[in-house]
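Engineer: Pasting a structure below so you can have a look.
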Amino acid sequence: MSKKNILVIYTGGTIGMTEQFEGGPLIPFDFQNIIDHLPELKRITNSIDIAPFPHPYDSSDIQANVWGEIAKLIQQHYQEYDGFVVLHGTDTMAYTASALSFMLQDLDKPVIFTGSQLPIGKIRTDGKENLITAIEIACASNGEKAMVQEVAICFGAHLLRGNRTTKFSAEGFEAFQSPNFPPLAEIGVHIQYREELLLRPKNTFTCFTEFHRNVAVIKIHPNLNRSFFEAIVDHALVDGIILETYGSGTIPQQSWLLEGIKKWISQEKIIINISQCPQGIIDQALYKNAQSLQEIGVLSGRDMTTEAAIAKLMFVMGHIHDYPSRIQQIESAICGEMNAHSGPIIQ
Ligand code: ASP
């Protein structure tokens, strides 16, 4: 098997920290010298190039412009490398990985996100394992082709589809979960891929970088205040809403709430229903308290995570401008982000 050339994009996060001296403060680690610290990487790859962001981000500072920078770097170097590893803080990794899955369509190379809970310079770090495994996955092939040809998160014992993932733990080394889609690979003594789940491109690789930012998230709760709700739906700038509802998609049947949503949709704006339950799927036909949403034109986000729903809405509104096509795209599974069928979820 020929050795691969990998580009590691370092955006920041805990993984990139080291102790200035034992027990001392954490300072950014110089990723350019990563091979000196992890000589074992030479055994898996032909070459690793590092593209560090000049000012590493705590991922809570990352916004759509940074999603664009990462995507453009990958696009610019797409032909030069066999695979890409993106080092990113864990806090918003699921948002960035979701966004990148929509931006980088028909990938035929791996884009593997990883990070860590403990800095790479700490003795008990999970960063070394995660980084080495992410690079190994980025090098894995299946015959002539790359094994993974999509955006995924490698963390702890699993490789997860990026747009199905959510940060679950601020403490454990298994920081991420993919509640509605099985892992793409189990990472143990061997890396066991579930090849039948892996995405394959249908066209040539294309990179989209436009996002529409005027999107709001409203979480339904038992005492949602009418004035707060109306402040959002009456705000001229808001064009898209993610509505986090209960269970399989229910909301309180207060007339001001339903009327407000109805009026808002009549202005050709989009509202997507996703569940506050991490596991399961929206079914707007199951309860009367969800049917009312179906009747007024709320779109089902099916089993999408909040992270994927936000990225998808921003992406669709950013590059599609007519209303029927926007609806059609929201209702389609673009890159494995939701279950396209009403049948049971594969596990
Ligand atoms: N606050 C850090 C970040 O997301 C946490 C981490 O990297 O795990 O950038």
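Engineer: Looking for something assigned to a loop (DSSP other than H, G, I, E, B) and either charged (D, E, K, R) or surrounded by 20 or more Cβ atoms within 10 Å (Cβ to Cβ) (or both) - is there at least one such residue anywhere in region 199-208?
Structural biologist: Checking region 199-208: at least one residue is assigned to a loop (DSSP other than H, G, I, E, B) and either charged (D, E, K, R) or surrounded by 20 or more Cβ atoms within 10 Å (Cβ to Cβ) (or both).
Engineer: Checking Val66 against (1) within 16 Å of the ligand (Cβ to nearest atom); (2) in a strand (DSSP E or B); (3) of a type in the set (A, V, I, L, M, F, W, C); (4) surrounded by fewer than 20 Cβ atoms within 10 Å (Cβ to Cβ), which single condition isn't satisfied?
Structural biologist: Tallying (1) within 16 Å of the ligand (Cβ to nearest atom); (2) in a strand (DSSP E or B); (3) of a type in the set (A, V, I, L, M, F, W, C); (4) surrounded by fewer than 20 Cβ atoms within 10 Å (Cβ to Cβ), Val66 fails exactly one: (2).
Engineer: For region 18-63, how many residues meet the condition of being surrounded by 13 or more Cβ atoms within 10 Å (Cβ to Cβ), within 24 Å of His212 (Cα to Cα) and small (Gly, Ala, Ser)?
Structural biologist: 1
Engineer: Moving to a separate point now. Within region 174-192, is there a residue that is of a type in the set (D, E, K, R), within 15 Å of the chain's Cα centre (by Cα) and over 18 Å from Ile120 (Cα atoms)?
Structural biologist: No, because not a single residue in region 174-192 is of a type in the set (D, E, K, R), within 15 Å of the chain's Cα centre (by Cα) and over 18 Å from Ile120 (Cα atoms).
Engineer: Hey, another quick one. So Ser59 passes all but one of these: (1) closer than 20 Å to Glu129 by Cα; (2) in contact with an Asp or Glu (Cβ under 8 Å, 6 or more places away or on another chain). Which condition number does it fail?
Structural biologist: (1)
Engineer: What residue, among those in region 70-82 that are surrounded by 13 or more Cβ atoms within 10 Å (Cβ to Cβ) and either within 16 Å of the ligand (Cβ to nearest atom) or assigned to a loop (DSSP other than H, G, I, E, B) (or both), is nearest to the chain's Cα centre (by Cα)?
Structural biologist: Residue satisfying both the conditions and the ranking: Ile70.
Engineer: Something else now. When both residues are 6+ apart or on different chains and their Cβ atoms are under 7 Å apart, which pairs have a first residue that lies in region 187-206 and is of a type in the set (Ser, Thr, Tyr), and a second that is at pLDDT 95 or above?
Structural biologist: Pairs found: Tyr193/Met147; Tyr193/Leu184; Tyr193/Ala185; Thr204/Asp106; Thr206/Gln105; Thr206/Asp106.
Engineer: Let me ask you something else. Within region 99-130, how many residues are outside any loop (DSSP other than H, G, I, E, B), at pLDDT below 95 and within 13 Å of the ligand (Cβ to nearest atom)?
Structural biologist: Of the residues in region 99-130, 1 are outside any loop (DSSP other than H, G, I, E, B), at pLDDT below 95 and within 13 Å of the ligand (Cβ to nearest atom).
Engineer: A further question on this structure: Out of the residues in region 8-63 that are under 20 Å from Gln76 (Cβ atoms) and of a type in the set (A, V, I, L, M), state the one that is nearest to the ligand (Cβ to nearest atom).
Structural biologist: Result: Ile62.
Engineer: Then there is this: Any idea how many residues of region 51-63 are in contact with a strand residue (DSSP E or B) (Cβ under 9 Å, 6 or more places away or on another chain), outside any strand (DSSP E or B) and not β-branched (Val, Ile, Thr)?
Structural biologist: 3
Engineer: Asp303 - would you say it is within 21 Å of Cys335 (Cβ to Cβ), not in a helix (DSSP H, G or I) and not hydrophobic (A, V, I, L, M, F, W, C)?
Structural biologist: yes
Engineer: If Glu196 meets every condition in (1) surrounded by fewer than 20 Cβ atoms within 10 Å (Cβ to Cβ); (2) among the charged types (D, E, K, R); (3) assigned to a loop (DSSP other than H, G, I, E, B); (4) at pLDDT 95 or above apart from one, which number is that one?
Structural biologist: (3)
Engineer: Can you tell me which of Val189, Val217 is out of contact with any Pro (no Cβ under 6 Å at 6 or more places or on another chain), among the aliphatic types (A, V, I, L, M) and assigned to a strand (DSSP E or B)?
Structural biologist: Only one candidate passes the filter, namely Val217.
Engineer: Sticking with this structure for a sec: Looking at this structure, is Tyr95 within 16 Å of the ligand (Cβ to nearest atom) and modelled with pLDDT of 95 or more?
Structural biologist: Yes: the conditions hold for Tyr95.
Condition check ((1) surrounded by fewer than 24 Cβ atoms within 10 Å (Cβ to Cβ); (2) among the small types (Gly, Ala, Ser)) across all residues:
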site: Phe84; (1), (2): no, no
site: Gly89; (1), (2): yes, yes
site: Pro119; (1), (2): yes, no
site: Asn130; (1), (2): no, no
site: Ala138; (1), (2): no, yes
site: Ala146; (1), (2): yes, yes
site: Cys154; (1), (2): no, no
site: Arg161; (1), (2): no, no
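Engineer: I would also like to ask the following. I'd like to check something: does region 146-169 contain any residue that is assigned to a loop (DSSP other than H, G, I, E, B), closer than 30 Å to Ile270 by Cα and either among the β-branched types (Val, Ile, Thr) or in contact with a Lys or Arg (Cβ under 9 Å, 6 or more places away or on another chain) (or both)?
Structural biologist: yes
Engineer: Moving on. Name the pairs whose Cβ atoms lie under 6 Å apart, with the first residue in region 1-16 and part of a helix (DSSP H, G or I), the second aliphatic (A, V, I, L, M), and 6 or more positions between them or separate chains?
Structural biologist: From region 1-16, the pairs are Ile15/Leu87; Ile15/Ile120.
The values are calculated or read from the model by the stated rules, or taken from the named source; none is laboratory data. This one's a predicted model, so the numbers in the text were calculated from it and none came from an experiment. Note: ideal-geometry Cβ built from the backbone for every residue, glycine included; neighbour counts use all protein chains shown.
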